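Take a look at the structure below.
What follows draws every value from the coordinates through simple rules; no lab data is involved. Since we're looking at a predicted model, the values are computed, not measured. Cβ sites come from the backbone with ideal geometry, for glycine too, and all protein chains shown count toward neighbours.
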Amino acid sequence: MILNAGILGDSAWNYLPFTVVILAWVGFLAILVAYRILFHPLAAVPGPWPAKVTGLYRTYLYWRGTFHEDIVNLHKKYGKVVRINADEVSTVDAVSLKQIYGFGNNNARKHQFYDAFRLDLPDAFNEIDPANHALIRKRSSNAYAMSSIIAYEPYM
């Protein structure tokens, strides 16, 4: 009862945990927004500010059913590369595709998202390690060569 005998009275102390939780959430969201706008690796990519902060912007465009038109308008307004989500960009430039997707770039790493698809046996789709991925691709590349496809054509 000593805590309740203070200046604030009984009712103010009852709301203190709720207030602390709300302030913690507001602080967390403020830091998250600041990070995504100022310090995120895609911070320099132009785009509408709601797209820089949350994925709900893109979801809203999908929901309206005008995403394809909106993307064209965003590219007209912001240029060849546009940030459409907190961690996603859209491009209409073939040159920037190599930079984004890292064709032939050994520094490009797959996201941990692919771990959800891992089974007992590794495959080229879900292998995250670039060295293992290259080994799997090397072993299966003959099957996708044009000569193999032409040789298999009578069976199609």
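Normalise the Debye intensity by I(0) for the chain, one equal point scatterer per Cα, no solvent, then take log10 at q = 0.09 Å⁻¹ and round to two decimals.
-0.57
Got a sec to turn the phi values of the stretch 46-51 into Karplus ³J(HN,Hα) couplings, 6.51 cos²θ - 1.76 cosθ + 1.60 with θ = phi - 60°, whole Hz, x for Gly and Pro?
Here the 3J(HN,Hα) series is x, x, x, 4, x, 5 Hz.
Roughly how tilted is helix 67-78, in degrees to the nearest 10 and between 0 and 90, from the longest Cα axis of the chain?
Result, in degrees: 80.
Under a cut-off of 12 Å between alpha-carbon atoms, report the aspartates and glutamates in cross-link reach of LYS138, not counting same-chain residues fewer than 8 places apart.
ASP123
Just need the relative contact order of the stretch 42-96 here, percent rounded to a whole number, with Cα pairs under 8 Å and 6+ apart.
Details: 67 pairs, mean separation 23.7, N = 55.
Dividing the mean separation by the residue count of the stretch 42-96 yields 43 percent.
Tell me the label-point distance for the pair ALA94, GLU69, using the 7 Å Cα-to-Cβ offset, in nm and rounded to one decimal.
2.9 nm
Can you check what the net charge comes to around VAL92, using other residues whose Cβ is under 13 Å from the Cβ of VAL92 (Lys, Arg +1; Asp, Glu -1)?
Details: positive: LYS76, LYS77, LYS80; negative: ASP93.
Here the charged neighbours net out to +2.
In degrees between 0 and 90, to the nearest 10, how far off the longest principal axis of the chain does helix 16-34 point, with axes built from Cα atoms?
It works out to around 40 degrees.
In terms of modelled amide H atoms, which long-range or inter-chain residues lie less than 5 Å from the amide H of VAL89?
Placed amide hydrogens put ILE84 under 5 Å from VAL89.
Counting pairs of alpha carbon atoms under 8 Å apart in space and at least six apart in sequence, what relative contact order in percent does the chain give? Before the final figure, lay out the partial values.
Numbers: 106 pairs, mean separation 19.9, N = 156.
Relative contact order comes out at 13 percent.
Charges on Cβ only, +1 for Lys and Arg, -1 for Asp and Glu, centred on the Cα centroid of the stretch 109-156; of SER148, ALA124, ALA134, which one is farthest towards the dipole's positive end?
ALA134
Once the other residues with Cβ under 15 Å from the Cβ of TYR144 are scored (Lys, Arg +1; Asp, Glu -1), what is the net sum? Let's see the in-between values first.
Working: positive: ARG137, LYS138, ARG139; negative: ASP123, GLU153.
Taking every other residue near TYR144 into account, the sum is +1.
When we measure straight from the Cα of LYS77, which aspartates and glutamates land under 13 angstrom away, once same-chain ones fewer than 8 places off are left out?
Excluding near neighbours in sequence, the set is GLU69.
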